[in-house]
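What follows is a set of notes on a single structure, which appears directly below.
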Amino acid sequence: MKKLVKIMAFLPLLAAMSCGQAEYKLTTTFPDDSQDGSTVYLINYDKGDTIDSAVVANKQAVFAGTFDKAIVARVLANQSRATFILEPGELALNWEDRSVTGGALNDSLAAMNKELEAVQAEAQELSKQAKEEEWADDKYEAEMDKLGEKYYGTYLRHYELNKENAFGWMVFYNYLNEKGFSLEELKAALAEAPAEYSNSVRIGRLIKSAENVELTKEGCKMLDFTVGGANGKDVKLSDYVGKGEVVVVDFWASWCGPCRHEASTTLKDIYAKYNDKGLKILGVACWDKVEDTKKAIADLELPWDQILDAQYIASDAYGFNAIPHIIVFSADGTILSRGLQGDALMAKVDEIMGEAK
């Protein structure tokens, strides 16, 4: 109860801090001098706009400025990132653990993350116990459902306390994103949220993604998209899909460990088994730098065609927000499966190619 009273006591202060121009200073400290001389960026997390940039010197980068109210922000350093609340006052970002101190909203964020991590630890212990004691599937699922309610209940509790500030918006967005709501569920949740949430770029993208998920379910036809290619020549998904062969499309990025693993294992196995038997693989690089994608293709020795620099074009079209995301298209461009990986993907491809013979 004392903790709850303490959090609620912050609310008048947070409201006052959001009125008029306020100053901030953010000092980012890196664990070693490997970043010295590089430029790091302070980004508006929702809109993606660059707020400021700074050159790292003596293991530190300093950002300072003014704003109308606190926002969710992100610091980008090479391919790494840290997400936090940019709020008035002197803030310190410890790059080693991505923690931010010096503000009430970031204190609330840290407290919530600690609670969520505790639930995740419970889930890990539960999984271990279930395996050791050989629980029935229904018992395991029931216990995990209880922990799921506890996990998402943590989000909702912090949201209710902070819905009028930047932390509340961040909690609401993460809750919607992780829950994987349908289009109607998203609209219902948004109808109960503060009106300004409807102007959020990221929440708008969730709505659009949910709409496109409905349009790209199994059994639906390919939804085409266009990416600007080299030398000004556009590249379309339809340049590869719907051309008379089964196509396995891998939406991925160079920085994504699971993407690299899936490409190096399952997809290479599929390529070796079926490349000369009426199946092709296509990579679509999302949310990545072209030079990093090209390096990963060379390092991993990926032999299939690639669409580079798709950024959010492909993920918006097909409504996914995590990678790798793999979709299998039939010879005429019908979606046969989506979201499978590993053995499940291999089994599905075996089934499809068996039917295609």
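Readers should treat all values here as calculations from the given coordinates under stated rules, not as data from a laboratory. Note that the structure is predicted; figures quoted are calculated from it, not measured. Positions of Cβ are generated from backbone atoms using ideal geometry, with glycine treated the same way; all protein chains shown enter the neighbour counts.
Run lengths n ≥ 4 of DSSP H only: what is the helix-derived mean residue ellipticity at 222 nm for the chain, with -39500 (n - 2.57) per run over all residues, to the nearest 500? Mind showing how you got there, number by number?
Numbers: 11 runs with 155 residues, N = 357.
About -14000 deg cm²/dmol.
Work out how much length Glu192 to Glu160 would gain on full extension: take 0.36 nm times their residue separation and subtract the Cα-Cα distance, in nm to one decimal. Could the numbers behind the result be given before it?
Values: separation 32, 0.36 × 32 = 11.52 nm, distance 1.12 nm.
Gain on extension, Glu192 to Glu160, equals 10.4 nm.
Between Lys277 and Ala111, the simple label model (points 7 Å from Cα in the Cβ direction) yields a spacing of 5.9 nm.
Quick one: which of Lys179/Lys243; Lys208/Lys233; Lys128/Lys289 span more than 30 angstrom between C-alpha atoms? In this structure, Lys179/Lys243; Lys128/Lys289 lie more than 30 Å apart at Cα. Centroid-to-centroid, using Cα positions, the range 19-86 and the range 309-357 are 37 Å apart.
Based on the Cβ-Cβ distance from Glu23 to Glu184, what FRET efficiency comes out when R0 is 41 Å, to the nearest 0.05? Don't skip to the end; give the middle numbers.
On the way: r = 43 Å, r/R0 = 1.05.
Efficiency computed from Cβ-Cβ geometry: 0.45.
Converting phi to 3J(HN,Hα) with the Karplus coefficients 6.51, -1.76 and 1.60 and the offset θ = phi - 60°, the range 92-101 yields 10, 9, 8, 5, 5, 10, 6, 8, 10, 10 Hz in sequence order, with x at every glycine or proline.
Can you pull out the GluC sites (Glu not before Pro) in the range 76-117 that DSSP calls coil and that have at most 15 other Cβ atoms within 10 Å?
Values: sites: Glu90, Glu96, Glu115, Glu117; in loops: Glu96.
Here the sparse-neighbourhood loop sites are Glu96.
Note on the chain: along the principal axes its Cα atoms extend 68, 55, 40 Å, ordered by decreasing extent. Distances between placed amide hydrogens fall under 5 Å for Val284 paired with Asp250, Phe251, Trp252, Ile307, all partners being 5 or more residues away or on another chain. Taking the Cα centre of the chain as origin and assigning +1 to Lys and Arg Cβ atoms and -1 to Asp and Glu Cβ atoms, the resulting dipole is close to 580 debye. The mean sequence separation of alpha-carbon pairs under 8 Å and at least six residues apart, normalised by the residue count of the range 37-146, gives a relative contact order of 15 percent. For the range 106-215, the relative contact order is 21 percent, taking Cα pairs closer than 8 Å that sit 6 or more residues apart in sequence and dividing their mean separation by the residue count. If R0 is 25 Å, the Cβ-Cβ spacing of Ser99 and Ser34 corresponds to a FRET efficiency of close to 0.80.
Using Cα pairs under 8 angstrom and six or more residues apart, how large is the relative contact order of the chain, in percent? Walk me through the numbers before you get to the answer.
Details: 557 pairs, mean separation 44.3, N = 357.
Relative contact order, the chain: 12 percent.
Going by average Cβ density within 10 Å per residue, which order do the peptides 302-311, 129-138 take, highest to lowest?
Values: 302-311: 18.7, 129-138: 10.4.
Packing proxy ranking, top to bottom: 302-311, 129-138.
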